[in-house]
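FYI, it's all coordinate maths here, none of it is from the lab. Being a predicted model, the structure only gives us computed values, none of them experimental. Cβ atoms come from the backbone with ideal geometry, glycine included; neighbour counts cover every protein chain shown.
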Amino acid sequence: MTAPVPGRRVVRAVCPHDCPDTCAMLVTVEGETAMPDGSIRGARAVEVRGDPDHPTTQGVLCNKVARYLERTYASDRVLHPLRRVGPKGPGARFERIGWDEALETIAARWRALAAEDPQTILPYSYAGTMGIVQANSIDRRFFHRLGASLLDRTICSNPGKEGIALTLGANMGPEIERFDEARLILLWGTNPITSSVHLWTRVAEAKRRGAKVVAIDPYRSLSAQKCDEWLAIRPGTDAALALAMMHVLVREDWLDHDYIARHTLGFEALRQHVAAWTPARAADITGLPAGAIEALARDYGTTRPAAIRINYGLQRHAGGAMSCRTIACLPALTGAWRDAAGGVLLGSGGAFPVDVDALERPDLIWNNPRTVNMVLLGAALAGDAQALSGGPPIRSLFVYSANPAAVAPDANQVLAGLARDDLFTVVHDVFLTDTCDYADLVLPATTQLEHFDIHKAYGHLYWMVNQPAIAPVGEAMSDSDLFRALARRLGFDDACLFESDEAIAAQAIDGRHPYNAGISVERMKATGWQRLAVPARFAPFAEGNFRTPSGKCEFVSARARALGLPALPDYIAPRESPLTAPALAQRFPLMMISPPARNFMNSTFGNNDALRAAEREPYLDLNRADAVPRGIADGAMVRVFNDRGSFLARARVNDRSRPGVVTALSVWWHKHCPGGRNANAVTSQRLTDLGRGPTFYDCLVEVARA
C-alpha cells in the first residue's frame, strides 16, 4: 500500500460545465500550510481526475475537463480587476486597478442609473458554471433587490424542455446508465461522443451486445459514423418524421393498447391526426426515403427495450419545441416507458426538486421590472422597443458566466451594441473573452477549484457537491462573493444577500419532495454525491404518473392550445429553408447548422492553446454536390454569408453534411477566427414556437470562394 504524501489531500469536486454528464472529479492538492487563523494557504492542485466510484463518471473525464489544471493556472488568466484604457473592441487595452476602486466605480454608476430607472441595468449570464449557488442564487437576489431588468435565460434548452413538458409534464426520462440494456437506440439530433461521453460508452456497450443504433441528424457526426445507420434528415423537420412513424405504428398496430388506455390522453384524436402523415408525405419534407421511414417505424414498433435520446440541436428551429413534444409521444404508443432502458430522454433536470423561490428570492422584486430575452440582446442594445418590452434603453450590462459577444445570435448587431460608448459594461470572467474586449471593467472570477457549490445534473440522478480545493488564484472572486460585495457597496441590508454558500445550498434542496428524502449538504460533503431517492431501476412513467395536469401522457394538450399551438403533436416548418422560403433560398440556397466542436464547450475552452490546436481552425463541412458547382475545392478558404453578415472558414468537402446543408462546428471566439467573425455572424434573433429560444439552425446562407 502506498504511503500518503505529507501535505497532500484529495478534494471532491464537480465539473461545472454545460454537459449532461456532470462528472464527479477528484482534485489532488499539495503544499498546504496551516495558518494561525485556521485557514489553509499555499495549496496547489496537481491533478484532476474522474472519480472511479461515481456510477456515471466511472473515472473518465472528457478531453476538455481532463486539462482543467491548464485552465486554473493559465498564463492568460485574469488575476486582478482591470479597467479599459482606449477604445472598445478587438485589441482593447486594460490597466490593473484595485478591488475597492472597481466596486466603487460600479456602485457609483449604478446608484446614478437606479435613481433614474434601475431597469436600465441588465444582468447577462448563463451556463459558464452550472452550479446552483454560483449561477442561480445571490446574483438573482441582488438584481431583484436592485430593481434591474430581468433576463429571460432561454439561449439553450428552454424550447425543448417546455415542448416535452406538454407531453410528459416534466423534463425527465430513462437514466443514461440503463442505455446499455436497450435493444434499439435512436440518437436523434445528438452527438454524444462530443456532448455526453458517458452516454456514448453505454451506447457503444449496447451496440456490442447486439443493439441497433440509429443516428438521425443532418450531419454525419463522430457518433453517427459509428452507428449502424445514419438518417440524414433535413434540418428542422424532425416532427414530420415522428408523425410518419406514428402513422406506421398505428397502421400496423404496433401499439401497447393497455398502456395507451390506462396512461394516455387523446389517442383517438391522435390516431385520426396521423392518418394523413404517410411516410411518402414525410419523405417530401424530411428528405428521407419513404422506405427508410417505414423501416425505422418497424424497428421502433417491434423492438424492446427501445430508447430515444434527443438533444438540443433539433429544437433550434422555428418549430423546435413542437419537435420535442411530438417525438415524446412515441414511447407511450409502444409502451416503451415500461422498461428502465426505454422511453425518451431530453434531460433529467426535471427530476431534481429545487426550491427556486428560496434560492432566487423573487419576493425581493419591488418594481415590476421588464424582462429582456437574452436571444434578443443585439436588438435590445440597439434600442428595439419590442426587445426592450417598451422600457428604457439599456445603459449598463453586467456579464458573468457567459460570453455573449461570441455565443449570441446575429453577432454583428450584438457587437455594434456592445461598442456603444454610452453603455457601461462590466464582465466577471476567468479570461479576456470577446465580450471583455467591449468592457469598461473586467473582474477576475474563480474557477471550479476555488469555490463551493452544489450541482444537479441533466443527464443523471445524483446531487453533487463541489468543495474548494485551493484558495482563489490572484485576486479572483467567486460570483457569490462578488454579489455580496456589491450589495455592501450599495448599502443593502437584506440578510439573504449575505448568507453563506452552504446555507444557500441547503435552502435550494426542496425537502418537501420525496425524491429529496435523505439529501443534505452535509451528507454530500461526506460522500461527494447522493442519488435521488428513486428506485434503483428508475422507470419514471412505467405506471403512468406523468407530471401533466391529467397525470397522463397528453397526446392532446389543452395547455398547448392555450399557448396558441396545435393541441395535437404537429409539424411546424423552419422559417428559412428552400421549401418554406423559396424567394430567400434563391439568394441563399444552403441550410446551415452550427453544432458544437468536440474540443470546445460552447465558447468555454476556446482560448486553450492545446484544445484550439486540436480543432486547428474554423471549418465548414459541405457536400460535394454543393461544392463542385461553386468551384470550391477541399481546403479552400470560403466565405459564408447572408443578409445578416458573413464569416470565413476552411472548406472540408465530404459527405458528412447532407446535400443542401453546410455545417460550421462552433463556437469559436471571434478573435481566433479569420476575418474576426464566427458562425453567429449569420444566425438570426428569431425565436422558437414555444420557450422563447433561439433558432440558430434555422439559417439560410450562400457559400463562395474567399
Specify which residue in the list GLY691, LEU249, ALA102 is farthest towards the positive end of the charge dipole of the chain, using unit charges on the beta carbon of Lys, Arg (+1) and Asp, Glu (-1), about the Cα centre. LEU249
I need the fraction of alpha carbon pairs in the range 528-644 separated by more than 21 Å, rounded to a whole percent. 69
D for the range 41-103, whole µm²/s, Stokes-Einstein with Kirkwood Rh over alpha-carbon pairs at 25 °C and 0.890 mPa s: what number? 161
Square roots of five times the C-alpha gyration tensor eigenvalues of the range 387-459, ordered largest first and given in whole Å, equal 25, 16, 13
Roughly speaking, what % of Cα-Cα pairs in the range 233-292 are separated by over 15 Å, rounded to a whole number? 50
To one decimal place, what Kirkwood hydrodynamic radius in Å is obtained for the range 449-528 from all pairs of distinct Cα atoms? 14.4
Relative counts (whole %) of C-alpha pair distances in the chain, using bins that are 20 Å wide: 18, 52, 28, 2
Roughly what % antiparallel, to the nearest 5, for the DSSP beta bridges in the chain? 50
Bin all alpha-carbon pair distances of the range 525-576 at 5 Å intervals from 0 and give each bin's fraction as a whole percent. 4, 15, 14, 14, 13, 10, 11, 9, 6, 4, 0
For the range 298-390, the spread of Cα positions along each principal axis, largest first, Å: 55, 33, 16
For the range 633-706, what D do you get in µm² per second when you plug the Kirkwood radius from alpha-carbon pairs into Stokes-Einstein at 4 °C and 1.567 mPa s? 98
Between the range 350-388 and the range 634-683, the alpha-carbon center distance in angstrom: 32
Quick one: give the max-minus-min coordinate of the C-alpha atoms of the range 181-261 along each principal axis, largest first, in Å. 38, 30, 18
Please give the FRET efficiency for ALA625 paired with GLU252, using the beta carbon to beta carbon distance and R0 = 35 Å, rounded to the nearest 0.05. 0.50
For every other residue with a beta carbon closer than 14 angstrom to the beta carbon of ASP481, add +1 if it is Lys or Arg and -1 if Asp or Glu, then tell me the sum. -4
Pulled fully out, how much extra length does the chain show between ALA503 and GLU522, if you take 0.36 nm times their separation in residues and subtract their Cα-Cα distance? 5.8 nm
Residue-span extension gain [ARG298 to ASP363] - 0.36 nm each, minus C-alpha spacing: 18.2 nm
Tell me, which cysteines of the chain are without a disulfide-compatible partner by the Cβ under 4.7 Å rule? CYS19, CYS62, CYS156, CYS227, CYS324, CYS329, CYS436, CYS496, CYS553, CYS673, CYS699
In whole percent, what relative contact order does the range 60-137 give with Cα contacts below 8 Å and a gap of six or more residues? 15
Once the mean 1/r over all distinct Cα pairs of the range 125-252 is inverted, what Kirkwood radius in angstroms do you read off? 17.6
Cross-chain or 8 or more residues apart, Cα under 15 Å: how many lysine pairs in the chain fit that? Count them up, please. 4
Convex hull of Cα atoms in the range 590-692, direction-averaged projection (nm²): 7.2
Approximate shape of the range 43-145 as ellipsoid semi-axes (Cα gyration tensor, √5λ), whole Å, largest first: 35, 21, 13
When the helices in the chain are scored as -39500 (n - 2.57) per DSSP H run of 4 or longer and the sum is shared across all residues, what 222 nm value do you end up with, to the nearest 500 deg cm²/dmol? -7500 deg cm²/dmol
Any idea what diffusion coefficient the range 311-450 gets from Stokes-Einstein, in µm²/s, Kirkwood Rh on alpha carbon pairs, 20 °C, 1.002 mPa s? 115
Mind ordering 474-485, 237-248 by average Cβ neighbours within 10 Å, highest first? 237-248, 474-485
Cα convex hull of the range 190-346, projected area averaged across orientations, nm²: 8.7
What do you get when you divide the Cα radius of gyration of the range 494-566 by 2.2 N^0.38 Å, with N the number of residues? 1.63
Positive end of the dipole of the chain, charges at C-beta (+1 Lys, Arg; -1 Asp, Glu), about the Cα centre: which of VAL214, LEU166, GLN315 has its Cα farthest in that direction? VAL214
Note, ALA280: beta-carbon cut-off 15 Å, +1 each Lys/Arg, -1 each Asp/Glu, net 0
Provide the descending list of Cα extents for the range 268-339 along its principal axes, expressed in whole angstroms. 32, 27, 25
Any chance you could list P(r) for the range 613-673, counting all Cα-Cα pairs in 10 angstrom bins from zero, rounded to whole %? 22, 56, 22, 0
For LEU584 and GLU47, compute 0.36 nm times the residue count separating them, minus their Cα-Cα distance, and round to one decimal in nm. 188.0 nm
With a sphere of radius 12 Å drawn around the Cβ of PHE600, what net charge do the other residues whose Cβ falls strictly inside it have (Lys, Arg +1; Asp, Glu -1)? +1
I'd like to know how the range 551-605 sits against the 2.2 N^0.38 Å rule of thumb: what's its Cα Rg over that expected value? 1.78
Under a Cβ-only charge scheme (Lys and Arg +1, Asp and Glu -1), can you give me the dipole magnitude of the range 125-192 about the Cα centre, in debye to the nearest 20? 340
Can you compute the charge dipole magnitude of the range 435-522 about its Cα centre, using +1 on each Lys and Arg Cβ and -1 on each Asp and Glu Cβ, nothing else charged? Give it in debye, rounded to the nearest 20. 220
So for the chain, averaging the separation of alpha carbon pairs under 8 Å that are six or more residues apart and normalising by length, what relative contact order in percent results? 20
Total charge dipole magnitude, the chain, about the Cα centre, Cβ charges on Lys, Arg, Asp, Glu only, Debye to nearest 20: 1200
When the convex hull of the Cα atoms of the range 350-399 is projected onto a plane and the area is averaged over all directions, what value comes out in nm²? 5.1
